[in-house]
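Written below as structure tokens is the structure these notes are about.
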Amino acid sequence: MALIVKKFGGSSVATPEKIMAVARRVLQEKNPDDKIVVVVSAMGDTTDDLVSLAEAITDKTYGREMDMLLATGEQVSIALLAMAFAKLGHPAVSMTGFQAGITTNETFNKAKITGITPDRVWQELNAGKIVVVAGFQGLTKTGDITTLGRGGSDTTAVAVAAGLKADHCEIYTDVDGIYSSDPRVVPTARRMKEITYNEMLEMARLGAGVMHPRSVELGKHYGMPIHVRSTFTRETGTFIREEYTMEEKEFVIRGVTHDTNVAKIAVLGVPDRPGIAYKIFSTLAEANIDVDMIVQSVRAMDKHIIDMVFTISQGDVPQARSILEKLNEEMDFSGLTIEEKVAKVSVVGAGMLGNPGIAAATFGALADAGINIEVISTSEISISCLIESDKAKEAVNAIHNRFFPA
Ligand code: ADP
Ligand code: ASP
Ligand code: MG
């Protein structure tokens, strides 16, 4: 007997025919006494369409109402998939995030799962049913529906797998595994047989949209093996796990990513005194705005004034703008600029630790392509460069070619 959580993304359930195909495949691969939970995303572009509907009403952001709206997408696909199983003669039941016992904090639009009590899931599994759970959603302790951030169904799947102590979690998608770069952008990208949680987490955090970062974090925390594979073929995909087991580590770099959902903020002419950075970044943190790539620069001419440059995601721009404009009333900056035509390109690999040539090779690839670097930041296992967004694809290809020559 195996207990497996299988997650199917939006493109895998985009039409009634595809939903039937998913149900057929799950049943074909199921051993008689396996217990199966299927997590699904909204059909096709449903979530984008729901966002557009809200934008047609207002340009203001409404956390609670937006989540009430967005969560409906997954409710459609769970009901249809449960019907598809029933039609094929296997009992199944659909459950919203709440019914599956998923609780979150109150950060609407990007809530974090705080607990999972899958009692009802167990009951239905023990009754011999396939349980179909809505991805991307949960409930706060005060009873409001939340969503987990775009791509968040992956996180539902890994959280449910961890909560049930499943044998493993399978992520079915429109690519047949994790590649060294987005294969839609870099045609020469290579598929990996396996990747560690740490490297995958860094790739996801830096823009590899194939996995929601939080899902990899949960996988690591609970030691849940994750298998990323294609919905449309039977081939083995990529395993995300703690350590490499088979593949020779021939490349120091595992992946090259890009993220165009970035905005660069410059707070100019800030007084150079203790507590200023604290004030700016603690106020942004209170509003749950993630800040990255922070650079503080000293002005050669005026020692009492500094400039502060950092990046946030574009969705947080309206809120960040109003926070910074309010702060400006007490701090009196000389300028505030917000630029959205930027992108972050990054190289990721645990092998770069103690390998100084990686930074030089990355910058060299960009220099040879004539691409200017605006900001650089590093972690132990990554190097990121902020560049003009129009150059993102060219930059990723240039860096990828440098580290993964044909
Ligand atoms: P789903 O709807 O199944 O969740 P997503 O669109 O969220 O699918 O994720 C799959 C997509 O992720 C792929 O089509 C691919 O273009 C993109 N992607 C980005 N980086 C990578 C990568 N390193 N490896 C594989 N796919 C990637
Ligand atoms: N439907 C949600 C989205 O499009 C969640 C997901 O697909 O993972 O972002
Ligand atoms: Mg996804």
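Taking max minus min of the alpha-carbon positions on each principal axis, region 69-153 gives extents of 40, 24, 18 Å, largest first. Compared with the dominant Cα axis of the chain, that is its longest principal axis, helix 16-29 is turned about 70°.
Contact order for the chain, expressed relative to its length and based on alpha carbon pairs under 8 Å spaced 6+ residues apart, stands at 13 percent. For Val132, the residues whose amide H sits under 5 Å from its own are Val38, Val93, Ser94, Met95, ignoring neighbours fewer than 5 places away on the same chain, with H placed 1.01 Å from N. Here the Karplus relation 6.51 cos²θ - 1.76 cosθ + 1.60, evaluated at θ = phi - 60°, turns the backbone of region 111-124 into coupling constants of 5, 9, 5, 9, x, 9, 10, x, 4, 5, 4, 4, 4, 6 Hz, with x for every Gly and Pro. Exposure check, 1.4 Å probe, all protein chains in place: His168 carries approximately 50 Å² of accessible surface. The calculated FRET efficiency for the pair Ala79 and Val317, based on their C-beta separation and a Förster distance of 45 Å, comes to about 0.80.
The antiparallel fraction among DSSP beta bridges confined to the chain stands at about 60%. Reducing region 89-110 and region 349-406 to their Cα centroids gives an inter-centroid distance of 40 Å. The listed residues Thr236, Thr72 rank as Thr236, Thr72 when sorted by accessible area, largest first, using a 1.4 Å probe. Note on the chain: dipole from Cβ charges, positive end direction compared against Met43, Asn328, Ala100; the farthest Cα belongs to Ala100. Surface composition of the chain: carbon and sulfur atoms hold 52% of the protein heavy-atom accessible area at a 1.4 Å probe.
Could you tell me which of the pairs Lys60/Lys264; Lys18/Lys110; Lys60/Lys220; Lys326/Lys393; Lys87/Lys193; Lys30/Lys165 are separated by over 25 angstrom between their Cα atoms in the structure shown?
Numbers: Lys60/Lys264 21 Å; Lys18/Lys110 28 Å; Lys60/Lys220 36 Å; Lys326/Lys393 36 Å; Lys87/Lys193 36 Å; Lys30/Lys165 18 Å.
The answer is Lys18/Lys110; Lys60/Lys220; Lys326/Lys393; Lys87/Lys193.
Between region 123-200 and region 210-230, the alpha-carbon centres lie 6 Å apart. Averaging the Cα positions of each part gives two centres, and for region 248-277 and region 14-66 these lie 32 Å apart.
Gain in length, Ala406 to Glu29, computed as 0.36 nm per residue apart minus the alpha-carbon separation, to one decimal in nm? 132.1 nm is the gain from fully extending Ala406 to Glu29.
What FRET efficiency, computed as 1/(1 + (r/R0)^6) with R0 = 35 Å and r the Cβ-Cβ distance, is obtained for Thr61 and Lys303, rounded to the nearest 0.05?
The formula returns an efficiency of 0.30 here.
From the Kirkwood radius over Cα pairs of the chain, Stokes-Einstein at 20 °C and 1.002 mPa s returns a whole-number translational diffusion coefficient of 95 µm²/s. Accessible area of Val51 (1.4 Å probe, protein heavy atoms only, ligands and nucleic acids ignored): about 30 Å².
Using the 1.4 Å probe convention, the accessible area of the chain works out to 46 Å² per residue with neighbouring protein chains retained. Taking 7 Å steps out from each Cα toward its Cβ at Thr245 and Asp272 produces label points 5.5 nm apart.
The values are calculated or read from the model by the stated rules, or taken from the named source; none is laboratory data. Please read all numbers here as calculations on a predicted model, not as lab measurements. Every residue, glycine among them, receives a Cβ derived from its backbone with ideal geometry; neighbour counts consider all protein chains shown. Side chains included, ligands, DNA and RNA excluded: accessible areas come from the protein's heavy atoms. Shrake-Rupley method; radii C 1.70, N 1.55, O 1.52, S 1.80 Å.
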